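Presented below is the structure to which this report refers.
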Amino acid sequence: MTTAKITFGRRSFIRNTILAGGGLTLGFSMLSSCNAKAEEGLQMPDEWFEINAYLKIGENGVVTIMSTNPEFGQGVITSMPMVVAEELDVDWKNVVVEQAPFNTDIYERQFTGGSQALRQGWPGLRMAGATARHMLKEAAAKAWNVSVAELTTAAGVIHHEQSGKSAGYGEMASAAAQISVPEEVELKEPKDFTIVGSSRKNVEGLKIVTGKPMFGMDVKREGMLYATVAFPPAFGMKLKSFDATEAKAMPGIKDVFSFKTYNDDYKRNGFDTDAFTELIAIVGNSTWEVMTAKLMLMAEWEPFADYQYTSAGWGGETIVDVPAGLESTADHISKMKEAAAKPGRVVRKDGNPEEAFKNAAKVIESTYTAPYLAHFMMEPINFFADVKDDKVVVVGPTQAPEFVEGTIAARLGIPVENIDVQMTRMGGGFGRRAYNHYATEAAVISQKVKAPVKLVYSREDTTRFGVFRPTYHVKYRAALDENNNLIAFHAKAGGIPESPLHANRFPAGAVDNYLAEEWSINSNITIGAFRAPRSNFIGPAEQMFLDEVAEAAGKDPIQFRLDLLKRAQENPVGERNDYDAARYAGVLELVRDKSGWGKESSDKKRGVAAYFCHNSYAAHVIDVVMKDGEPKVENVVSAMDCGIVVNPDAAKNMVEGAVVDGIGNALYGEMTFVNGEPQHENFDSYRMIRYKEAPDNIDVHFVKNEIAPTGLGEPPFPPAFAALGNALYKATGERYYHQPFVKNTFG
């Protein structure tokens, strides 16, 4: 075992508490999941003994483990407790999992995004389990008058081999709850793991398939009213005036009023992205009534002038300029083309790229573009709020509860300690639910009408409100010498309103002469995180261009990449390369071997891509056939290096979902604008991948190592675009420079 000092907050160890009947406060019912387990045959204890904030143990040995991070399908509600259970050394069949209450004083980081939940939670989760195990052993040692070092544990039982004594954790839980927290604990070696690395069923699977209330849309409270909001039809507009006479006369309507989401002097946090900060609320007895009344609302909107606001984000306070104007996609395309033709801001320069290009035997040059994308979550925007005097309870789907708390406190003028944020399971997120304007809206409406309120957006409003993936543009150039060696590489990337450039990623570090430039164009269309931000464009573009360069060099695309990675590993250029060349090469070698690369049939055309982002490495080989002039993905082989795989089946599901999502967005995803107005607002016009278009088979493989877990939700996503594009080139003879592929080639 490895000895580790306790490094996370000692507030996590709330001890000396005996919880009768399974109850715990902070506004969460711990009985819900216990009852679900009882239905499955697990006998619930009469008493619980809280060892620390992550777990409690019943007198019969049943263990409740808290899952600290919000859940939106990535599986952390199962995998994070698995880590605690592993170090606790308990039998998984005796574990009950519950969503932890929001409390960053205890749990520190309760945020879902950036593929960071397991990566950042790994040390603390392990220590929580190991510390509890140590305290249980210490309690047994005192009871039996033996040394802790003589004790062993297995499957929730403490053993003393010399005396033959043994005791279940439940028998020692009461005494363990009184033990002082140790300064250091022993952690298991990965080779000794029995839970981590073995597949476990989703602990909420039964609830999901039986329709149990779990989501924000399921929240109901006594006396609850419903609300929806009206906002401008186009970006670049604001509320001028409105007449609510007819809307208020509709059945069931309680009130119609305008309000501001933020105070005028408010310094927004990094997730307070919001284009429409003055809205009209319609409040009534049901969603049908408020949405019907909204149609009777007579509102007048007008263009706004340039304005500024202060953002107090991660980099400190900055002034954000919001330009006036009603923007259109056609203008975006023209402006990006113009910006790309001008010199950009140099972010990285190695060697003498200008001279290398001048003396090159061959220069390859290509430009790639991609449109705005909408998140299109299955669960519409919603949130519940109940504001009573200086107390606030809000319940709903959020990736970033900490930011919900602070924004509501500032808007309502209520101390942050009086804001109770409760997390539900999310019906999709992909970054969108980190931007929680809707939680603040619900709270403001509740305060105004003096009643509990559930705010619900229509599907159309959920889409039109924005926080889109930006539109991007990149121009690549590569120089080959007379022996077809890559001697220079140039990337000039930009977008509206941000650049997608990652200047220190591959092939940086593998080329002597390298230049990376960027530019951006401001906009009033709100953008935000979308699965693998920036990487979801620059990764596919880079990987499709590398295939083009490999072909010009007369080299196999996998071997071409491996040769560059060998250079980056053995003799890297520069010191800021942000990838591990050996791990990068490892996924390429694994996907090459598992796919039988080089043995494809004449009717199936193959493409490959690999990418590093969010601390992990992913590679795909995609097989495409053409049927009636349309592409069909028949088979995908994926290779991942994300460190230790905690829950293999769930990890496989994550990769499969990323592949399907990537293929769908590459083929069909596109949001366009005319005079600031989004042109797609529901599934009838915003094209999503359909069941029949999903791959027939996805074969997922993981590199086996003992590296602490890294990201998995996002890394497999970008290379799926590129592997598809490269396969389509083989199938059609055309390169895919502009997304979506279907519209720009087949549609």
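Of note, Glu246 does not satisfy the criterion of being open to solvent by less than 30 Å² (accessible area, probe 1.4 Å) and out of contact with any strand residue (DSSP E or B) (no Cβ under 6 Å at 6 or more places or on another chain).
Conditions tested, residue by residue: (1) open to solvent by 50 Å² or more (accessible area, probe 1.4 Å); (2) under 38 Å from the mean Cα position of the chain (by Cα); (3) farther than 17 Å from Glu87 by Cα.
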residue: Asp105; (1), (2), (3): yes, yes, yes
residue: Pro123; (1), (2), (3): yes, yes, no
residue: Asn145; (1), (2), (3): yes, no, yes
residue: Thr152; (1), (2), (3): yes, no, no
residue: Ile158; (1), (2), (3): no, no, no
residue: Lys165; (1), (2), (3): yes, no, yes
residue: Gln178; (1), (2), (3): yes, no, yes
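Based on what the data block shows, is Arg200 closer than 25 Å to Trp92 by Cα and open to solvent by 20 Å² or more (accessible area, probe 1.4 Å)? Against the criterion (closer than 25 Å to Trp92 by Cα and open to solvent by 20 Å² or more (accessible area, probe 1.4 Å)), Arg200 qualifies. Does Val84 satisfy the condition of being closer than 20 Å to Ala176 by Cα, open to solvent by less than 10 Å² (accessible area, probe 1.4 Å) and either modelled with pLDDT under 50 or not in a helix (DSSP H, G or I) (or both)? Against the criterion (closer than 20 Å to Ala176 by Cα, open to solvent by less than 10 Å² (accessible area, probe 1.4 Å) and either modelled with pLDDT under 50 or not in a helix (DSSP H, G or I) (or both)), Val84 does not qualify.
Which of the residues that make up segment 575-610 are hydroxyl-bearing (Ser, Thr, Tyr) and over 25 Å from Asn705 (Cα atoms)? Ser601, Ser602, listed by residue number.
Considering only residues in segment 723-747 that are outside any helix (DSSP H, G or I) and open to solvent by 50 Å² or more (accessible area, probe 1.4 Å), the one that is farthest from Gly662 (Cα to Cα) turns out to be Gly733.
Consider Ala720 carefully, then state whether it is touching a His at 6+ places or on another chain (Cβ under 7 Å) and part of a helix (DSSP H, G or I). So Ala720 fits the description; yes.
Within segment 220-245, residues that are at pLDDT 95 or above reach partners that are hydroxyl-bearing (Ser, Thr, Tyr) and part of a strand (DSSP E or B) with beta carbons closer than 8 Å, at six or more positions or on different chains, in the pairs Leu239/Ser258; Phe242/Ser258. Restricting attention to segment 407-438 and to residues that are aliphatic (A, V, I, L, M) and under 19 Å from the mean Cα position of the chain (by Cα), the residue that is nearest to Leu225 (Cα to Cα) turns out to be Met423. Do the conditions hold for Pro497, that is, is it surrounded by fewer than 23 Cβ atoms within 10 Å (Cβ to Cβ) and within 30 Å of Leu206 (Cβ to Cβ)? Criteria not met by Pro497. Look at Lys254 and say whether it is touching a strand residue (DSSP E or B) at 6+ places or on another chain (Cβ under 6 Å), open to solvent by 10 Å² or more (accessible area, probe 1.4 Å) and closer than 18 Å to Tyr438 by Cα. It is false that Lys254 is touching a strand residue (DSSP E or B) at 6+ places or on another chain (Cβ under 6 Å), open to solvent by 10 Å² or more (accessible area, probe 1.4 Å) and closer than 18 Å to Tyr438 by Cα.
Of the listed requirements (1) over 27 Å from the mean Cα position of the chain (by Cα); (2) buried (at least 24 other Cβ atoms within 10 Å of the Cβ), Lys632 misses just one: (2). Taken together, the residues in segment 483-530 that are farther than 27 Å from Pro323 by Cβ, of a type in the set (D, E, K, R) and over 25 Å from the mean Cα position of the chain (by Cα) amount to 1.
This table checks each residue for (1) at pLDDT 95 or above; (2) charged (D, E, K, R); (3) open to solvent by 60 Å² or more (accessible area, probe 1.4 Å).
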| site | (1), (2), (3) |
| --- | --- |
| Pro343 | yes, no, yes |
| Lys349 | yes, yes, yes |
| Val363 | yes, no, yes |
| Ser366 | yes, no, no |
| Ala370 | yes, no, no |
| Pro380 | yes, no, no |
| Glu402 | no, yes, yes |
| Thr407 | yes, no, no |
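Counting just the residues of segment 290-334 that are under 19 Å from Ala234 (Cα atoms) and among the charged types (D, E, K, R), which one comes out farthest from the chain's Cα centre (by Cα)? Among those residues, the one meeting the criterion is Glu300. The number of residues in segment 290-338 that are of a type outside the set (Lys, Arg), farther than 17 Å from Ile527 by Cβ, assigned to a helix (DSSP H, G or I) and open to solvent by less than 50 Å² (accessible area, probe 1.4 Å) comes to 3. Counting only helices (runs of 4 or more DSSP H) wholly contained in segment 162-267, no element carries 2 or more residues that are of a type in the set (D, E, K, R), more than 23 Å from Lys454 (Cβ to Cβ) and touching a helix residue (DSSP H, G or I) at 6+ places or on another chain (Cβ under 8 Å).
Of the residues making up segment 417-467, those that are crowded, with 21+ Cβ neighbours inside 10 Å, more than 25 Å from Asp661 (Cβ to Cβ) and of a type in the set (Val, Ile, Thr) number 7.
Return the residues of segment 536-567 that are without any contact (Cβ under 8 Å) to a residue 12 or more places away in the chain and either under 18 Å from His490 (Cβ atoms) or crowded, with 24+ Cβ neighbours inside 10 Å (or both); say none if nothing qualifies.
Ala550
For segment 87-114, filtering for residues that are aromatic (Phe, Trp, Tyr), in a loop (DSSP other than H, G, I, E, B) and at pLDDT 90 or above leaves 1.
Looking only at residues in segment 48-81 that are charged (D, E, K, R) and not in a strand (DSSP E or B), the one that is surrounded by the fewest Cβ atoms within 10 Å (Cβ to Cβ) is Glu59. Please determine, by comparing only the residues of segment 597-615 that are out of contact with any Lys or Arg (no Cβ under 7 Å at 6 or more places or on another chain) and open to solvent by 20 Å² or more (accessible area, probe 1.4 Å), which one is nearest to Pro533 (Cα to Cα). Looking at the filtered set, the residue picked out is His614.
The values are calculated or read from the model by the stated rules, or taken from the named source; none is laboratory data. In this text, all values refer to a predicted model and were calculated from it rather than measured experimentally. With ideal geometry, Cβ positions are generated from the backbone for all residues, glycine too; neighbour counts draw on all protein chains shown. Side chains included, ligands, DNA and RNA excluded: accessible areas come from the protein's heavy atoms. Shrake-Rupley method; radii C 1.70, N 1.55, O 1.52, S 1.80 Å.
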